[in-house]
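Read-outs throughout are calculated quantities, based only on the coordinates presented, and are distinct from any laboratory measurement. Since the structure is predicted, the reported quantities are computational estimates derived from the model, not experimental observations. Cβ placement follows ideal geometry from the backbone for every residue including glycine, while neighbour counts extend to all protein chains displayed.
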Amino acid sequence: MNRRQFLMSSACTCLATATAKVDALFAQEAPATAPKLYRCGTPPPTPAAKIQANRVITALRSYRVNFRGKTVIPIRFHIIHQGTQGYLPDRQLKAQVALLNRTYAPASIEFKIADVNLHENQSWFTHEPGSDAEIEMKTTLGTDTAGSLNMYTAEPGGGLLGYATFPWWYADTPQLDGVVIHHASLPDASRAQPWPYDLGMTAVHEVGHWAGLYHTFQGGCDAPGDDVVDTAYEQNAATGCPLRQPSACPGETRFDPVENYMDYSDDACMKQFTPLQYQRIKDMVGYYRYQLSPQTSRSALLAQIRKSIE
Amino acid sequence: MKQRLVLLACLALGFSASPALAFKNIAGCDIVAFAAPSSPVPIAAERWQAYRNQAETILAAAPGADATLTEWRAVANELIEAQERLLAADKTSEAYQDYLAGDRCRVLSKLDSGAVETLLDEVAQSTPEQAATALRRITEAARTQIDRIERSARFRSGQDKTLFAAHYYCFVAGVIVALLPPERQQKITLESFGNAVGCKEAGRKE
């Protein structure tokens, strides 16, 4: 079964149980005078978690839910530094947020800086994901994880540029929610020696995970890949700045998505999300991160969908 | 009971004092390689037995099914210390250094779920139930942890990603091999756990 068949099959199964309730609920939720924003809606992303996310999307489509309004996401920056290492001036933070706003505008998402705090701590500065230092850092500093994006800058080890939490992890570990990025990955035109990762794309990539996207090479050639139909199956992560070439996956006629923000290409070569990635971002943020929008949290339709799924 | 309390105290101490990178030990792959009869770094049978005893004791005292990931990390830290003790005497030897620099040095780039399950079943046949169950859980915890990271992280390169994951997979392999019967240990290779790549290819430097 390929990814398209897999998604269609999931959709059909869910539609059969959900359709009966749709019309009445939607009419109730969306009167003509209502605002345009009709929002409905850890374990790791195990196969079960992936199926759960698919069910969410299927339910949103079956209830004909589209998130049309703008979501404003406050960013709380936690600048972890060790002496002067890792210190970031405001202009870099502003440049990063401007880039995020450009890339996420098609998903009707706007970011704004809510807080910037500096913290000097050696073990937090060089922490790795899953370590005690990560937990200590986030439980100490994380603020309003339901209503904002906590963005930590540090120098994580192991060749990591950044990592994030998925929206469906939030319910189990709200205190760990957020994005961690390498301090040298923020846009910095003044850097003496350019780095392939210093144009700010790590934050774009990690916020993509935070908003519910997988890597384009997730699962390699196996269905359902990254759960997004308009990205080609990709056998392996891209490296450097590769030329576009046909996917190596059997039966895949499209090109490897090497310019996609969710691949591993160098920053200069990352250029796009696909339309269905933007759609998934809207769906995942709307459903799982509904507290970013007070209107959503009050939605009876959201509650109904959540009840039908969970 | 006294032994259990002492062990728990040690676990707590290990947890608070450790670098807390639990589930990560790339030298676990060396342990698998050194169990072979043609091992480049021969390890005396008594040391293998001591390693097995330590691993079994740590796992037998591990918390139950409702334990948190933090508690499993504490157990993993103890297991890593046991792995380090097994290798400590040879760590600086010429044979070990030659092995690390040579083509025989390999690390796991992927765990095969079915193969790991089969090996865990084998362990269950020759190990007290509580330890075997704990081994399953810690294997699952380690795999969960690296799965989370792989899905949500950006690495500088595919090689960095492979090396990062190898630390987790090798830790798991090094623990499982500890609890296999000696005659079985000798027939195990890294490929029994999944895909392996050369240390140089993976960028291993330690």
Mean-position separation - Cα centroids, segment B:135-181 and segment A:56-71, in angstrom: 36
Label-point separation in nm, residue B:191 to residue A:241, each point 7 Å along Cα→Cβ: 4.0
Label point distance in nm, residue B:43-residue A:307, each placed 7 Å from Cα along Cα→Cβ: 5.8
Mean ellipticity per residue at 222 nm, deg cm²/dmol - from DSSP H runs of n ≥ 4 across chain B, formula -39500 (n - 2.57): -21000 deg cm²/dmol
Label point distance in nm, residue A:84-residue A:105, each placed 7 Å from Cα along Cα→Cβ: 3.7
For B:157-168, mean number of other protein chain Cβ atoms within 10 Å: 3
FRET efficiency for residue B:157 and residue A:300, using Cβ-Cβ distance with R0 set to 41 Å, rounded to 0.05: 0.30
Cα-Cα over 18 Å, subset of B:110/B:161; B:24/B:110; B:161/B:205; A:70/A:112; A:138/B:161: A:138/B:161
Residue among B:127, B:57, B:92 with the largest mean-square fluctuation in a Gaussian network model of chain B, springs linking Cα atoms under 10 Å: B:92
Relative contact order %, segment B:89-170, counting alpha carbon pairs below 8 Å whose residues are six or more apart: 41
Sequence-distant aspartates and glutamates (8 or more away, or on other chains) whose Cα lies within less than 14 Å of residue B:187: B:122
Modelled FRET efficiency - R0 35 Å, residue A:61 with residue B:118, Cβ distances, 0.05 increments: 0.30
Percent of beta bridges antiparallel (DSSP, the protein assembly as shown, rounded to nearest 5): 40
